[in-house]
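*Asks:* Just passing along the structure, written as structure tokens.
The values are calculated or read from the model by the stated rules, or taken from the named source; none is laboratory data. Quick caveat: nothing in here was measured; it's all calculated off a predicted structure. We place every Cβ from the backbone using ideal geometry, glycine too, and count neighbours over all the protein chains shown.
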Amino acid sequence: MKVGAKMTFEKFTIWFIIAALVSADLLKPPFAAYLPGIALLSGIAVASCWSSNQYLQLIKKQSSRVLSYAIVCLGFGFNLTSIMVAGYHAIGYTVISIVLTLAAGIGIGKLFGTDRILSILISVGTAICGGSAIAAVAPILRSRHEQTAVAMGVVFILNGIGLLLFPVIGHLLGFTQTQFGIFAALAIHDTSSVVGSCITYGPKALEVGTTIKLVRALWIIPVSLMVLSYVKLTTKGTAHGNTKKPWFILWFILASACVSLFPQIAQLGQYIKQLGEALFIAALFIIGCGVSLKTIKSIGPRPLLQAVLLWIIVSVCVIVSLKLGWLSGAL
């Protein structure tokens, strides 16, 4: 299939963003949790069918740029002040869970012999907020398309499982709505999946889960800076040692600060955040366009095993902590 002569890359991008915006508006939780995975798989399908297309080659070069724009736009959806106030009691165990998850993830990656960059992407995605965290870290690491796609693909698979499985587990364990909100927020990767699972459990679960998940998401920026420092220390003189300066992090902070300092633009900030979500969906499609099924097969099952084992460890630790009463009284 050939794209028409009048079809430019710019027109393609504009129409894809419009389609993503419409889709994001129509697909509400829990269905919105599946949209990123659909976009990624669609890109892989396109690449597998039309890998020689000239516009496809242009599109693949834009993935890092579109991801950076998406992260900056998402910053307008974070009111740092209100989230910090609302999640004051959740900050302590949120930090502990992030640090332990990152350490466990990198350790499991070394044990399984997973590619180092892929291992970091999976660990960051599990520790913070799934695809958004991977999107923030990928440009810093200069990860290849297949590394980013595999990490996101694995996370989206587990998101879908968590969306359906966690409410069942919560009822079997007799969790209150508050307990389930904590459980979902700390153990499910992506925000949309947390929202989707909590909606089915009850309004209090939704309130608690959303608040804690937003506090976790705020750690995208400090963890991205930590990853930058880690890579510089461990890759001196290697091919990946020349890491990209994450200027988009500064713009993300400035965007969040604008919403925090000027509440009157909060509504505008939400519209810009929706644009960021659309750009994120577009970026996932672009990433998929740079990957073939053959490349994914060559990576092997280790990343999936790492992600699943890490997810099980995190989930079990949260369940035990809730049963022992270490977390239930926090909110």
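*Asks:* If Pro222 meets every condition in (1) assigned to a helix (DSSP H, G or I); (2) of a type outside the set (A, V, I, L, M); (3) buried (at least 18 other Cβ atoms within 10 Å of the Cβ) apart from one, which number is that one?
*Replies:* (3)
*Asks:* Does Val99 count as in contact with a His (Cβ under 6 Å, 6 or more places away or on another chain) and at pLDDT below 95? Break it down stepwise before answering.
*Replies:* On the way: in contact with a His (Cβ under 6 Å, 6 or more places away or on another chain): no; at pLDDT below 95: yes.
Answer is no for this residue.
*Asks:* Okay, next question. When you look at Gln274, is it of a type in the set (S, T, N, Q) and buried (at least 21 other Cβ atoms within 10 Å of the Cβ), yes or no?
*Replies:* Values: of a type in the set (S, T, N, Q): yes; buried (at least 21 other Cβ atoms within 10 Å of the Cβ): no.
Against the criterion (of a type in the set (S, T, N, Q) and buried (at least 21 other Cβ atoms within 10 Å of the Cβ)), Gln274 does not qualify.
*Asks:* Restricting the search to segment 142-185, which residues are among the hydrophobic types (A, V, I, L, M, F, W, C) and under 20 Å from Leu279 (Cβ atoms)? Walk me through how you get there before you give the answer.
*Replies:* Filtering segment 142-185 for residues among the hydrophobic types (A, V, I, L, M, F, W, C) gives 149-152, 154-158, 161, 163-166, 168-169, 172-173, 175, 180, 182-185.
Listed by number, the residues that qualify are Ala149, Ala151, Met152, Val155, Phe156.
*Asks:* Looking at (1) over 26 Å from Leu158 (Cβ atoms); (2) among the small types (Gly, Ala, Ser); (3) out of contact with any Ser or Thr (no Cβ under 7 Å at 6 or more places or on another chain); (4) at pLDDT below 85, which is the one condition that is false for Gly241?
*Replies:* (3)
*Asks:* Among helices (runs of 4 or more DSSP H) lying entirely in segment 136-216, which contain 1 or more residues that are farther than 30 Å from Lys297 by Cα and at pLDDT below 90? Show your work before the answer.
*Replies:* Values: elements: 145-172, 177-187, 191-201.
Passing ranges, in order: 191-201.
*Asks:* Given the condition closer than 19 Å to Ile212 by Cα and either crowded, with 18+ Cβ neighbours inside 10 Å or hydrophobic (A, V, I, L, M, F, W, C) (or both), answer yes or no: does some residue in segment 305-312 qualify? Break it down stepwise before answering.
*Replies:* Here is the first cut: in segment 305-312, the ones closer than 19 Å to Ile212 by Cα are 311.
Right, trim to either crowded, with 18+ Cβ neighbours inside 10 Å or hydrophobic (A, V, I, L, M, F, W, C) (or both) and you get 311.
For segment 305-312, residues closer than 19 Å to Ile212 by Cα and either crowded, with 18+ Cβ neighbours inside 10 Å or hydrophobic (A, V, I, L, M, F, W, C) (or both): present.
*Asks:* List every residue pair whose Cβ atoms lie under 6 Å apart, where the two residues are 6 or more positions apart in sequence or sit on different chains, the first residue falls within segment 303-323 and is under 14 Å from Gly181 (Cα atoms), and the second residue, located anywhere, is outside any helix (DSSP H, G or I) and not basic (Lys, Arg).
*Replies:* Matching pairs, first to second residue: Ser321/Leu327.
*Asks:* Here is a further query. So, Phe252, is that one surrounded by 14 or more Cβ atoms within 10 Å (Cβ to Cβ), closer than 23 Å to Leu35 by Cβ and modelled with pLDDT under 75 or not? Break it down stepwise before answering.
*Replies:* Values: surrounded by 14 or more Cβ atoms within 10 Å (Cβ to Cβ): yes; closer than 23 Å to Leu35 by Cβ: yes; modelled with pLDDT under 75: no.
For Phe252, the condition - surrounded by 14 or more Cβ atoms within 10 Å (Cβ to Cβ), closer than 23 Å to Leu35 by Cβ and modelled with pLDDT under 75 - is not met.
*Asks:* Still on this structure, please answer the following. Restricting segment 166-177 to residues that are of a type outside the set (A, V, I, L, M) and under 24 Å from the mean Cα position of the chain (by Cα), which is surrounded by the fewest Cβ atoms within 10 Å (Cβ to Cβ)?
*Replies:* Let us first name the residues in segment 166-177 that are of a type outside the set (A, V, I, L, M), namely 166-167, 170-171, 174-177.
Going one step further and asking which of them are under 24 Å from the mean Cα position of the chain (by Cα), we end up with 166-167, 170.
On the way: Phe166: 24, Pro167: 21, Gly170: 25.
So the residue we want is Pro167.
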